[in-house]
1. Scan region 1-35 for residues that are at pLDDT 95 or above and of a type in the set (Asp, Glu) and jot them down.
2. Please tell me if Arg81 is surrounded by fewer than 21 Cβ atoms within 10 Å (Cβ to Cβ) and either within 16 Å of Tyr175 (Cβ to Cβ) or modelled with pLDDT of 95 or more (or both).
3. Within region 135-162, can you find the residues that are over 17 Å from Leu27 (Cα atoms) and either of a type in the set (D, E, K, R) or under 16 Å from the mean Cα position of the chain (by Cα) (or both)?
4. Scan region 150-162 for residues that are more than 11 Å from Val15 (Cα to Cα) and part of a strand (DSSP E or B) and jot them down.
5. Say whether the condition of being within 11 Å of Ile48 (Cα to Cα), in contact (Cβ under 8 Å) with a residue 24 or more places away in the chain and touching a Leu at 6+ places or on another chain (Cβ under 8 Å) is met by at least one residue in region 131-144.
6. Out of all the residues in region 123-146, which are surrounded by fewer than 21 Cβ atoms within 10 Å (Cβ to Cβ), of a type in the set (Gly, Ala, Ser) and within 16 Å of Arg87 (Cα to Cα)?
7. Quick test for you: out of Ser60, Ser106, pick the one residue that is exposed (fewer than 13 other Cβ atoms within 10 Å of the Cβ) and either among the polar types (S, T, N, Q) or closer than 26 Å to Ala138 by Cα (or both).
8. Could you give every pair whose Cβ atoms fall below 8 Å, whose first residue belongs to region 163-179 and is within 19 Å of Gln28 (Cα to Cα), and whose second residue is loosely packed, with under 13 Cβ neighbours inside 10 Å and small (Gly, Ala, Ser), counting only separations of at least 6 or pairs across chains?
Amino acid sequence: MNLPERVGDQRRIGVSVEIPDPFGAQLQEARRTAGDPLADHIPPHITILGPTVLEPGQMSQVDEHLSSIAARSAPFVVQLRSSGTFRPVSPVVFVQVAQGIAECESLEAMVRSGPLAQDLRFNYHPHVTVAHEVPDEALDAAFEAMAGYEATFSVESVSLFEHGDDSVWRPVRAYPLGAA
């Protein structure tokens with residue numbers, strides 16, 4: 001995983017839609033089965049803002065930014081369906097977002113503004129990773145195993161995650177959608 005460098009007391013954060021159980025547990029198990037070494041370090045999620053490094057003094061401004069965006073955004077439904085891949089550009093297999101794409105794209109554009117404005121390495125594509133940087137055979141197996149996967153759930157919030165010194169991503173705060 002390509003993470004931005006962090007120095008001193010800087011914080012590495014991300015913003016995501018958490019995948020609720022039982023689907024979260026199913027997708028985490030799929031990642032474990034693929035042999036992905038990060039399976040237990042990264043909870044299943046749909047990224048809204050990828051890994052971003054902040055100075056500690058920026059956190060209150062980011063908190064206000066995320067609260068405001070969430071309050072103005074309505075809850076929505078996500079349907080995950082089938083597998084996809086970013087190969088050959090990146091060794092990733094994922095479950096596709098079939099419904100809720102526009103809402104994820106809207107949230108991503110709003111979040112990636114103001115104090116979180118930044119350029120993207122790749123165009124935004126909402127998805128749930130199930131295998132990353134594992135051998136080709138494991139990527140192929142994950143792609144086949146998830147080809148028939150389907151899950152539907154309501155998204156009621158987005159979550160701020162922080163990357164710990166132990167390399168684990170943990171939810172720090174949920175921002176309820178439509179709380180205005």
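1. Result: Glu18, Asp21, Glu29.
2. Working: surrounded by fewer than 21 Cβ atoms within 10 Å (Cβ to Cβ): yes; either within 16 Å of Tyr175 (Cβ to Cβ) or modelled with pLDDT of 95 or more (or both): yes.
It is true that Arg81 is surrounded by fewer than 21 Cβ atoms within 10 Å (Cβ to Cβ) and either within 16 Å of Tyr175 (Cβ to Cβ) or modelled with pLDDT of 95 or more (or both).
3. Applying the first criterion (over 17 Å from Leu27 (Cα atoms)) to region 135-162 yields 135-137, 156-162.
Scanning region 135-162 gives Asp136, Glu137, Glu156, Ser157, Val158, Ser159, Leu160, Phe161, Glu162.
4. Of all residues in region 150-162, those more than 11 Å from Val15 (Cα to Cα) come to 150-156.
Listed by number, the residues that qualify are Glu150, Ala151, Thr152, Phe153, Ser154, Val155.
5. From region 131-144, those within 11 Å of Ile48 (Cα to Cα) are none; that's our starting set.
There is no residue in region 131-144 that is within 11 Å of Ile48 (Cα to Cα), in contact (Cβ under 8 Å) with a residue 24 or more places away in the chain and touching a Leu at 6+ places or on another chain (Cβ under 8 Å).
6. Selection gives Ala138, Ala141.
7. From the options Ser60, Ser106, the qualifying one is Ser60.
8. These pairs meet every condition: Arg170/Gly164.
The values are calculated or read from the model by the stated rules, or taken from the named source; none is laboratory data. The structure presented is a predicted model; accordingly, all values stated were derived computationally and were not measured. Methodologically, a virtual Cβ is constructed for each residue, glycine included, from the backbone with ideal geometry; neighbour enumeration extends over all protein chains shown.
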